[in-house]
Amino acid sequence: SGLAPEIAYFRWTNPATGVEKPFDANTQLVKPGGDILVHASDRHNLLRPETVESLFILWRITGEAKWRDYGWRIFEAFEQWARLPDGHGYSNLLDVAVVPPQHTDKMETFFVSETLKYLYLLFSDSSTVPLSRYVFNTEAHPLPHFTWN
């Protein structure tokens, strides 16, 4: 689907013993030779903002086009898979490893208030809410910098 699961785990080797933590191929997804494991119960996507927020910050700090490219791919995946068939909203997804993913008929409010806001800012001019003058709180509200007198 091009969207990330809610939770992913890194493949881990105990440094003291050199033994890799086992995983169950029947309940976990892993790309052959890959380092990321995904449990079956964690394959849902709630349309969270954290990845897009990070891409926005990285774009504003570095100016590297790849951050916008990643954001555009996420936006296209939301449009393709999370948007409801009638076009009237979006839905969380049950399993991002299944194409097409099944909708849950639920959309968290942070999708509109944070995820879409960060996508908008990612593709806006850098003068829109400049990071030199604003900081974002945990709910993606821009707050102006100030100094104590």
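The values are calculated or read from the model by the stated rules, or taken from the named source; none is laboratory data. Owing to the predicted nature of the structure, the values given are computational and were not obtained by experimental measurement. Heads up, the Cβs are rebuilt from the backbone with ideal geometry, glycines too, and the neighbour counts pull from every protein chain shown. Please note that ligands, DNA and RNA were not included when accessible areas were found on the heavy atoms of the full protein model with its side chains. Shrake-Rupley method; radii C 1.70, N 1.55, O 1.52, S 1.80 Å.
Apart from one condition, D24 fits all of (1) modelled with pLDDT under 95; (2) surrounded by 16 or more Cβ atoms within 10 Å (Cβ to Cβ); the exception is (2).
Screening I61 on (1) part of a helix (DSSP H, G or I); (2) in contact (Cβ under 8 Å) with a residue 24 or more places away in the chain; (3) under 14 Å from the mean Cα position of the chain (by Cα) shows it passes everything except condition (3). Just one residue in the set T115, T128 is open to solvent by less than 60 Å² (accessible area, probe 1.4 Å), of a type in the set (S, T, N, Q) and in contact with a Lys or Arg (Cβ under 8 Å, 6 or more places away or on another chain); that residue is T115. Checked across segment 30-48, the condition of being modelled with pLDDT of 90 or more and open to solvent by 60 Å² or more (accessible area, probe 1.4 Å) holds for at least one residue.
Per the conditions (1) within 26 Å of E139 (Cβ to Cβ); (2) of a type in the set (K, R); (3) at pLDDT below 95, the sole criterion not satisfied by R60 is (3).
Quick check, is A97 open to solvent by less than 60 Å² (accessible area, probe 1.4 Å), out of contact with any strand residue (DSSP E or B) (no Cβ under 9 Å at 6 or more places or on another chain) and either outside any helix (DSSP H, G or I) or at positive phi (or both)?
No.
Among the residues of segment 100-112, just one is over 15 Å from the mean Cα position of the chain (by Cα) and open to solvent by less than 50 Å² (accessible area, probe 1.4 Å), namely P101.
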